[in-house]
Structures are given as structure tokens and as C-alpha cells.
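The values are calculated or read from the model by the stated rules, or taken from the named source; none is laboratory data. Because the structure is a prediction, the values reported are computed rather than measured. Reconstructed Cβ throughout: ideal geometry from the backbone, glycine too, with neighbour counts over all protein chains shown.
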């Protein structure tokens, strides 16, 4: 009996090892590419051990460093979109979490329908609208239009966190004479704070990884890092070293944030629908 | 639920204030209003813009405003000038096969994780990494791996005698769309795996034990107990992923640009090409409305057949 179990767990480990190589291998291979000298990008058979070369990062972020401003743009656009969505989403999530009202389900479904609608449908009209109102290529244009994704997502996730704040605590505050607004700031906000932080982190990552809005609405000086990586294909030949260096920098913040989020990953990726 | 969740409407002295009562009843709608108004403005503008311009001839390269009224010409041109039918077929193929593959592959990994062997917790935390990447970055990873000359995968596959098309997998009309689907599957299988794993954890041990006592085989238990209990989660995941795949743009853009020819063109990429490359705003507007109608039909069919009644 014990032998069978040992053999079974060995099989599970072997399969999981294959799974991990399959899912993490391509990422590691690309990170290695960022540290290879451009002349070694295509060396076959593949070399796992080599003299690390930092020139790719130097070229892209230091001198001439064309991608450094894109990193700043990414931070501005993602933080801006996250901060702008919060007041709207907090109010809506509180209403949906704490009140019985007609059409609640319809409104929840309406928010999610925006999340799964094809963004390209909205982007082209925005492209023309923004040049008409003089916002073409501005950070504002990207931050505002990203709200079509940021607000519905944050409403769903924040509602799931607010649902977990016990109603009794709020009622106790009302009895003590606090009005709804005061109770909201004194009870809900502090107790839902972890949820608010988690929601902000997810909104930041989704905005960071978004390409379709900046691709259509940015100009060269405001474009974000993921869009910046694409531009290397426009010039003659493909500079894999430069692409890899910028892409590695672009992939780091989402990876780190997801590792920090730990047990909230399931909940965030399902907009709060699965608690995890 | 069930409790009215309305604030007390009397003051400290116990005086009834009808105004405040009315305010409290309106409060949830007042709180919802800002987000709903912002979102409505952000959605209705593009849709109205597209509806109007879909009946006008307008190429942005010829002028900053619509040139002349053209009736239904744009809607006809969508099928004559752009490969709309091909794009629709590619999009549906990608969405159906991609969702199917990711769900079952993810389920397999979730069942492996559910054995709770030592060390699997760390693996689960790292497993999600592909899903955290921007789709364009995932596209670059695989463009590099799949390069026809010098890429690791063609080299390895040729080494074991697997036929590799001379233009590479992304440059071959038969494998381009399949490759996009595989890259998406690589990126999103971990998502299915960890969410389905969370679902597996929520199934109570008692139910499983009862079935075991009744002598159910593991196979039977999976189909008769585990899967039906996972249904609400699965239905939600499948809908989200199906639509995200239906909207595929980033991966297509980086991996194949819809090529070779129109072999891997999706609806989103078709819209991008006509709108932001050819600047055919009128034509794009007509296509936008066709896509909006298709998406509404899909979502409503799904809600009717899968959710029947409400489940989330």
C-alpha cells in the first residue's frame, strides 16, 4: 500500500515538474535573452551558462535610454487610472454591498458586460474624440478611457470585500449617533482597507498591462513601456536584446505585485466572484 | 440579505424625519450615479459616434469630417473590402478551442495541485506567472522561441524529427492561428488551474466521503460530484475567458499581425486595421456595430443556456 502511494506521489511530482518547465521555461528563457550579448541571441544548441551582458539594459534605459521615459509614463498612466477609479468604485461598491434595491443584479451584470466587451470597439471613436477636444496623446486621454475597465472591475472586487465587513459594527456606529457618511469613513474604509489596497494593486496591474488604449491614444513622448517594446519591430531588423530588456522591466512590476498578493490572486482574477 | 439595510431614520430625540427617510432610500442610487454616469458617457459616445458614421463615407486621410452620406454602403463594404467572414470564423475558432483547451488543461493541473503533496504550495504561487504578463510580452516570448531560424522550439522539434514549416509556425497559414491559440493557452491555463483548485478546496469532505462509502470510483466521483459542484465557478470562468479570447488583439498584433495573408486575422485586428491603419472611419463604424451585435448575441445566448436563472 505504501509503495503504491510513494509511486503515485512520484508520478505527481514528475507531472508537476513538466508543468512548471512548460509554464516558467519560456519566461526564464526570455530573461536570459535580456542578459545575452546581441551576437549570441540565436546561439544553438542553447547555452544556459554565459557571461552576463548588461548592455541591453544600458542601451534602453540609460544611454541613449529611449525607454526610460516610457517607464515613467507607465507609472503615471497606471497610477492615475487606479486613483481616479477609486472614489467612483468605492461609492458604487458600498451601495451594492449595503442596500437592498431594485435592479441590483442588473447593475452588477452591466458592469461585468463592460469588462468583457471588446475594447477596440471603443478605442477608435476615442481616438477621434481626443483629437477634437485637444487631449490627443495626453496622459488624461489614457487615464480617463481606462476607466471603462478600471471602474467595473474595482466595483466588483470592492463589493466582495465590503460584503465581509460585519453590518453590526456599522449599526453600532449609527446607534452612537454617527450618520451614514461618518460610519462609512470610520467603519467601512478602515475595515475594508486591505481589500481596497488589493483592488488598487490589481487595477494597477491591469492598467499597466493594457496596450490597446496607449497604442491608439498616446504620442511618442507619453507612450507606455509595453507599447514601447513593440516599436523595436518597426526599425530594420529585430533587436531581440533590446526587446527583451524592456519587456523584462515591463514584466517585473506585475510579477512582484502578484507574488505580494498571495492568497488574493484567485479573488482578484475572478473580480471577487471566487473567494479563494 | 432580506434585511432592509436602511439607516435609522429618527433623530436622538426620536423625532421622525420623513425627509431623511426619503434621502436614505435614494442614497444607494446617488452613490451609484457617478460611476454609472461616467461609464455611460464613455460607452454611449463611441456607440453613437459609430452608429452615425456607419452611414457616412469618411476616410480620415481625406478629411477631418465625414465626406458624404452613403446609406448602407459601409455595411456592404465590410464584407466586400475586408475579410470579415474569415475574421469571424478565426475569432470563433480561437475562442472555442482556446477556452476548451485552457479549461481542461487547467483542470488537470488543479487536480495535481489538489493532491496536497509537500512543495506544491510554492509551485502554485509561481505557476500564475504567465497570467501576470502583458499579452504583448507573452507574444514576444513566443515570437523569440518560434523564430524560424535560431528559435529554440523549431530547433528542438527538428531535432526529434517533427516537421517544421520553412516559414516557421507563425508564418505558415495552417499553423499561425493555432500558434496564437497555444500561446494564449500557455498564458491562461494557470489562471484556470488556480481558480479551479480554489473551487476543489471548497467542496466539502463529507460529500466526497459519502460517495466513497457508496463505492464510487474516482472517475465516477469526478463526473458526478466534483464537476457538478464546480459548475458555478466553471460557468463564470468560461464566460470571461471566452469573451477575452473573442476580443484577442494584443497577441495577434505581436505574433502574426493577422497573417500570413488573413490566416490569423481576428475581428478585433480587422477593426484595428481598418480604423487605425487605413483610417476608414465610416467602414470601421459599420463593422463596430456588427461586432457589437454579435457580442450581444453571444453573451445573451450564454446567459440563457448556462445560467438559465441567476447564479452569481
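Taking the condition of being more than 7 Å from chain B (Cβ to nearest Cβ) and assigned to a helix (DSSP H, G or I), how many residues in region A:89-126 meet it? The qualifying residues number 13. Selection of region B:127-156 for residues being in a loop (DSSP other than H, G, I, E, B) and under 20 Å from the mean Cα position of the chain (by Cα) yields B:128, B:133, B:134. Screening region A:207-265 for helices (runs of 4 or more DSSP H) wholly inside it with 2 or more residues that are out of contact with any strand residue (DSSP E or B) (no Cβ under 8 Å at 6 or more places or on another chain) and under 19 Å from residue B:141 (Cα atoms) returns the ranges A:225-230, A:240-261.
Of all the criteria given as (1) within 15 Å of the chain's Cα centre (by Cα); (2) farther than 17 Å from residue B:47 by Cα, the one not satisfied by residue B:260 is (1). Check region B:157-168 and report whether any residue there is in a loop (DSSP other than H, G, I, E, B), under 30 Å from residue A:249 (Cβ atoms) and at pLDDT 90 or above. Yes, because at least one residue in region B:157-168 is in a loop (DSSP other than H, G, I, E, B), under 30 Å from residue A:249 (Cβ atoms) and at pLDDT 90 or above. Taken as a whole, the structure places residue A:146 among residues that are surrounded by 16 or more Cβ atoms within 10 Å (Cβ to Cβ), in contact (Cβ under 8 Å) with a residue 60 or more places away in the chain and within 26 Å of residue B:278 (Cβ to Cβ).
Sub-8 Å Cβ pairs linking a first residue in region A:248-276 that is more than 7 Å from chain B (Cβ to nearest Cβ) to a second residue that is not in a helix (DSSP H, G or I), at least 6 apart or interchain, are A:249/A:67; A:263/A:276; A:264/A:276; A:267/A:274; A:267/A:275; A:267/A:276, ordered by first then second residue.
No other residue among B:86, B:38 is within 26 Å of residue A:133 (Cβ to Cβ), crowded, with 17+ Cβ neighbours inside 10 Å and modelled with pLDDT of 95 or more apart from B:38.
Restricted to region A:29-47, and to residues there that are assigned to a loop (DSSP other than H, G, I, E, B) and more than 10 Å from chain B (Cβ to nearest Cβ), the residue that is surrounded by the fewest Cβ atoms within 10 Å (Cβ to Cβ) is A:47.
Yes/no matrix, rows are residues, columns are (1) more than 19 Å from residue B:245 (Cβ to Cβ); (2) buried (at least 19 other Cβ atoms within 10 Å of the Cβ):
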| residue | (1), (2) |
| --- | --- |
| B:70 | yes, yes |
| B:78 | yes, yes |
| B:95 | no, yes |
| B:113 | yes, yes |
| B:116 | yes, no |
| B:126 | yes, no |
| B:132 | no, yes |
| B:141 | no, yes |
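Looking across B:118, B:124, one residue alone is in a helix (DSSP H, G or I), at pLDDT below 95 and facing chain A (nearest Cβ under 10 Å). It is B:124. The residues of region A:84-96 that are touching a residue at least 12 places away in the same chain (Cβ under 8 Å) and surrounded by fewer than 22 Cβ atoms within 10 Å (Cβ to Cβ), listed by number, are A:84, A:86. Restricting attention to region B:187-210, the residues that are surrounded by fewer than 16 Cβ atoms within 10 Å (Cβ to Cβ) and part of a helix (DSSP H, G or I) total 8. Going through region A:167-188 one residue at a time, which ones are surrounded by 13 or more Cβ atoms within 10 Å (Cβ to Cβ), part of a helix (DSSP H, G or I) and without any contact (Cβ under 8 Å) to a residue 24 or more places away in the chain? Hits for region A:167-188 are A:169, A:171, A:172, A:173, A:174, A:180, A:182, A:183, A:186, A:187.
Taking region B:211-312 as the region of interest, the helices (runs of 4 or more DSSP H) fully inside it that hold 1 or more residues being more than 25 Å from residue B:143 (Cβ to Cβ), within 10 Å of another protein chain (Cβ to nearest Cβ) and touching a helix residue (DSSP H, G or I) at 6+ places or on another chain (Cβ under 6 Å) are B:227-246, B:281-302. Kindly establish whether residue A:26 is in contact with a helix residue (DSSP H, G or I) (Cβ under 8 Å, 6 or more places away or on another chain), at pLDDT 95 or above and within 12 Å of chain B (Cβ to nearest Cβ). It is true that residue A:26 is in contact with a helix residue (DSSP H, G or I) (Cβ under 8 Å, 6 or more places away or on another chain), at pLDDT 95 or above and within 12 Å of chain B (Cβ to nearest Cβ).
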